[in-house]
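K.L.:
Sharing a structure, written as structure tokens. Questions coming.
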Ligand code: PEP
């Protein structure tokens, strides 16, 4: 499939933000605004798990997909504080971020654990959004491809080609997340092309590849115009309805129908 045929996908990662009242305003605005986008632009939000029921109630019937920011590596059992993937699907969720750099860093999640979580998400019928990305030190040492390649390979090694084709992969350079300093479109495209080749070797060339890291309304269109960038994973800017919808519109103008 060529770039022209791949749909765009923009997903908000709310992180640990939101309260009931503010969520309602934001979800309603996103549901309404996304209704004006062309059909080949998909929109999603990944909310804190405790707000799944609220999210389902407010988004059901809209075109916005929803999900969580992590799932357990286990299906059930004595794992205090964990939330299993099948629990998430009880609320109609479709998406689960796995391997976000904040989980890798603050919760010491290994590449192996991220791969198992990806399997659990797939088994439950969720679309895993697998995050990969290098630190500034790793980039400066020239090991970006080695790092992101190893992170992706660990996941792909556990999956069949059919399972791999159900992934979304997000390239999120750690140095660009929440810093206001996005990768340039050229830097991001180079890594995306590398990841695309890795996925193609697995028989999953058409997996949506999202860029994440300080995407804003001002830089989204240039990023999304790159041949291997199929949309974005959006942190800070997904908490402001006008900014998030402006980023969705940037995806729309770079989509086929847009
Ligand atoms: C993220 O946390 O996934 C992210 C991309 O954050 P931000 O957009 O705030 O850099």
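The values are calculated or read from the model by the stated rules, or taken from the named source; none is laboratory data. These figures come from a predicted structure and were not determined experimentally. Virtual Cβ from ideal backbone geometry, glycine too; neighbours counted across all protein chains shown.
K.L.:
Residue check: is residue 42 closer than 23 Å to residue 220 by Cα and either in a loop (DSSP other than H, G, I, E, B) or more than 16 Å from the ligand (Cβ to nearest atom) (or both)? Quick ask: steps written out before the conclusion?
P.N.:
Numbers: closer than 23 Å to residue 220 by Cα: yes; either in a loop (DSSP other than H, G, I, E, B) or more than 16 Å from the ligand (Cβ to nearest atom) (or both): yes.
So residue 42 passes the test.
K.L.:
Which ones in segment 143-154 are assigned to a helix (DSSP H, G or I) and farther than 23 Å from residue 46 by Cα? Spell out the reasoning first.
P.N.:
First, pick out the residues of segment 143-154 that are assigned to a helix (DSSP H, G or I): 144-154.
Residues satisfying the conditions are 144, 145, 146, 147, 149, 150, 153, 154.
K.L.:
Do you know which residues across segment 117-142 are over 19 Å from residue 207 (Cα atoms) and assigned to a helix (DSSP H, G or I)?
P.N.:
If the condition is that a residue be over 19 Å from residue 207 (Cα atoms) and assigned to a helix (DSSP H, G or I), then 136, 137, 138, 139, 140 are the ones that fit.
K.L.:
Which is farther than 19 Å from residue 197 by Cβ, modelled with pLDDT of 95 or more and surrounded by 15 or more Cβ atoms within 10 Å (Cβ to Cβ), of 159, 136, 113?
P.N.:
On the way: 159 fails: farther than 19 Å from residue 197 by Cβ; 136 fails: surrounded by 15 or more Cβ atoms within 10 Å (Cβ to Cβ).
It is 113.
K.L.:
If residue 220 satisfies every condition in (1) over 14 Å from the mean Cα position of the chain (by Cα); (2) more than 16 Å from residue 176 (Cα to Cα); (3) surrounded by 17 or more Cβ atoms within 10 Å (Cβ to Cβ) but one, which is the exception?
P.N.:
All conditions are met except number (2).
K.L.:
Under the condition of being within 27 Å of residue 61 (Cα to Cα) and surrounded by fewer than 19 Cβ atoms within 10 Å (Cβ to Cβ), which residue from segment 92-110 is farthest from the ligand (Cβ to nearest atom)?
P.N.:
Step one: filter segment 92-110 for residues within 27 Å of residue 61 (Cα to Cα), giving 92-98.
If we keep only those that are surrounded by fewer than 19 Cβ atoms within 10 Å (Cβ to Cβ) as well, we get 92, 94.
Values: 92: 23, 94: 18 Å.
Step by step, filter segment 92-110, then rank; the result is 92.
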